[in-house]
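All remarks here apply to the structure that follows.
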Amino acid sequence: MTSPIPKSVDETFELLLNGSYVADRSLATALYLSLSLSRPLFVEGEAGVGKTEIAKVLAQTLNRKLLRLQCYEGLDVSSAVYEWNYTRQMVEIRLSEAAGNRNLGDLEKDIFSEKFLIKRPLLQALEPSRDGPPVLLIDELDRTDEPFEAYLLEILSEFQITIPEVGTVSATEPPIVIITSNRTREIHDALKRRCYYHWIDYPNAARELEILSVKAPEVSSTLSRQVVGFVQSLRDTDLFKFPGIAETIDWAHALVQLNCLALDPEIINNTLGALLKYQDDITKIQGSEAGRILNEVKLELATHEA
Amino acid sequence: MQESTDSGELIVNIMYFVRTLRAAGLPIGPGRMLEALRAVTTVGLGSRADFYFALYAALVNRRDQHELFDQAFHIFWRNPKFLERMMSLNLPSFGADELQENPQELFRRIAETITAGIDSDENTNTNEDKIEYDATMTWSANEVLQKKDFESMSAYEISAARAAIQHMRIPINTVPTRRYRPRNVGTSVDMRTTLKASLRHGCDIIPLKRRVRGKRHPPIVVLCDISGSMDRYARMMLHFLHTMTNDRDRVHTFLFGTRLTNVTRYLRHKDIDVSLNKISDIVEDWAGGTRIGSCLHDFNQFWSRRVLGQGALVLLVTDGLDRDSGEGLEKEMDRLHRSSRRLIWLNPLLRYDLFEPKSRGIRAMMPYVDEFKPIHNLESLKELAKIVGGSKQHSKSSMANWQERAA
């Protein structure tokens, strides 16, 4: 059963929450606009702040098919859009030869027909579907090169693809498109112009606590408050890579796995690898610095409760 | 063309105007001048705006010529007396007071072409004497203002250096990508074109069409020191970078002194004067001190992930003389080196034969660079073009030698 798309920003917010995604107001607004006006949503942000998750949650809560195109360097039309099934085509040629069918025009028309077309995510996204238009996730667009970006322009603005041998395929209902980027290079303005842009930042303490309670309900409230406080203070220090929300959740899971009920300097030192992924950052925080931050966090939580 | 006395004078004026533009670097031949005359006679002299756009349509054919034309037009057609004096050609002192009325408005290039046109040949000769192709490069010495005015580069200095820089064709150094291009002699079979070709031949034979890995050049990231000690070289570098930015895509330029500024967008402007103007507006730490460590830290923290992602070639242009005497520099250099395809350090101090890498900043940086090259004259710029182009192999032994001396 397909669910209707939300009719207001509040409904969008609720929809995401149903899929256990705690959004903030600005994201819900951008997403609502993108859904109701059928324009792609372009999401940028640091690694681990929940960009890809948006598309997954949308597909799940709206009961749509999720088509995921993971971008990488060298991604080309044959792996992103369509490919001809060469083996079948060759078999077909031999068969027609054996049957003595020598009409080349017919043969050419036949072997470059839809029967021999292998559809990749972008083409699949334009197909009509029983459940309504699918969610198309174009993940980490910054990993591909500029020519592929240019190829996307037609798809994103007109929702159509031109296959030279077949003709133009256009979507009856435009898919829901979510594009994510880690900003390892700048995406061209021409592509951004066709989308709504949203920058996902690290959440504030209150929202991070909410996310943690939704994503890791087994963590005790004392521990999760300490964890969030610690991570939030880490983001104020001078690190090369700040821990994202994904790392916070990972760390909380790790601490539960180790039967830890409250943070102490030793357990922090032992599990820091779940939180920080650069050796420089780990050496900076490990030891006395971790203890200092933990004391501050504990002090703050105590004054907050009092 | 009408031959009445009025239009006769106009024709001469337009001719001088065209010659001014030509001297300022616009490629305008006699054919285009006739076009301009025809345009003006067709449009008529009803209003100044019409006259302007008639000439504009005939004489300008690229976006980057707009600024030059605009300024030349407004100076040249400012007042009738000016034109009279232009025509008489015998008043060598005319330019000075006219131009001093509003010196900021003029590009030095226009100003000099006009005065040079009026002045006799001797003047040109004295100017030419000032051009020196020596190690100190050719910048006038009276530029000590904190907020630098790029306009004070004279046309002769620019044109000499710029002509050389413009003629540096930077060969595109390439690295293999994961994309394929059709090629007769290739390593793998391109099934799609093979099948199409086979159909064309009636399916009796299947001619194998091949493909190879495509190639493209890696992005280039330039970090250029603009502190007091680097001033002259940084300026020359900017010209070089302007040529490079307009020649290929994926060139990112950062300037640093006490803080880091990204000037890539400004350098993309086709006209070098406009680029330099905008850069001088935006950069606040020109010819001040250097804090290499903290600037590199900013770069690593905020930009490296955005511009170094695709295996970039990094050019670091600095003399390594650091106000913070190398504090925190080693760590940041290490990080920069690890995030880039190749790190090339260009140091103008190498112009001294007896240069020894002994300052603390230099010693902190040396272990982390892949190449160490001079950048003090046109010749070394040419050398740089070769390195960027990949046609010049770097010698490991000379790098090892430098590192040993710095240790």
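The values are calculated or read from the model by the stated rules, or taken from the named source; none is laboratory data. Because the structure is predicted, anything quoted here is derived from the model rather than measured. Cβ atoms come from the backbone with ideal geometry, glycine included; neighbour counts cover every protein chain shown.
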**Report entry** Condition broken by A:Glu114, with the remaining ones in (1) of a type in the set (Asp, Glu); (2) more than 25 Å from the chain's Cα centre (by Cα); (3) within 14 Å of chain B (Cβ to nearest Cβ) satisfied
**Finding:** (3)
Query - Residue check for B:Gly293: within 14 Å of chain A (Cβ to nearest Cβ), at positive phi and in contact (Cβ under 8 Å) with a residue 12 or more places away in the chain - result: no
Query raised in the report: Here are B:Asp249, B:Asp281, B:Asp298, B:Asp273: which of them is assigned to a loop (DSSP other than H, G, I, E, B) and more than 21 Å from B:Ile375 (Cα to Cα)?
Result: B:Asp249
Report summary line: Output for Cβ contacts, cut-off 6 Å, separation at least six or different chains, first residue in the same structural domain as A:Leu107 (by TED's automatic domain parsing) in the stretch A:156-170, second of a type in the set (Lys, Arg), reads none
Query raised in the report: How many residues, within the stretch B:168-203, are more than 9 Å from chain A (Cβ to nearest Cβ), modelled with pLDDT under 80 and over 39 Å from the mean Cα position of the chain (by Cα)?
Result: 1
Report task. Only residues that are without any contact (Cβ under 8 Å) to a residue 24 or more places away in the chain and of a type outside the set (Asp, Glu): list them for the stretch A:50-97, please. Result -> A:Tyr86, A:Thr87, A:Met90, A:Val91, A:Ile93, A:Arg94, A:Leu95, A:Ser96
Requested in this report: Please determine, by comparing only the residues of the stretch B:302-320 that are farther than 16 Å from B:Thr261 by Cβ and at the interface with another protein chain (Cβ under 10 Å from one of its Cβ atoms), which one is surrounded by the fewest Cβ atoms within 10 Å (Cβ to Cβ).
Outcome: B:Gly311
**Report entry** Looking only at the stretch A:187-220, and only at residues there that are closer than 25 Å to A:Thr144 by Cα and without any contact (Cβ under 8 Å) to a residue 12 or more places away in the chain, the one that is nearest to the other protein chains (Cβ to nearest Cβ)
**Finding:** A:Asp189
Query raised in the report: In the list A:Arg130, A:Arg94, which residue meets the criterion of being assigned by TED's automatic domain parsing to the domain that holds A:Leu31 and surrounded by fewer than 18 Cβ atoms within 10 Å (Cβ to Cβ)?
Result: A:Arg130
Requested in this report: Run down A:Phe148, A:Phe242 and say which single residue is assigned to a loop (DSSP other than H, G, I, E, B) and either touching a residue at least 40 places away in the same chain (Cβ under 8 Å) or touching a Leu at 6+ places or on another chain (Cβ under 9 Å) (or both).
Outcome: A:Phe242
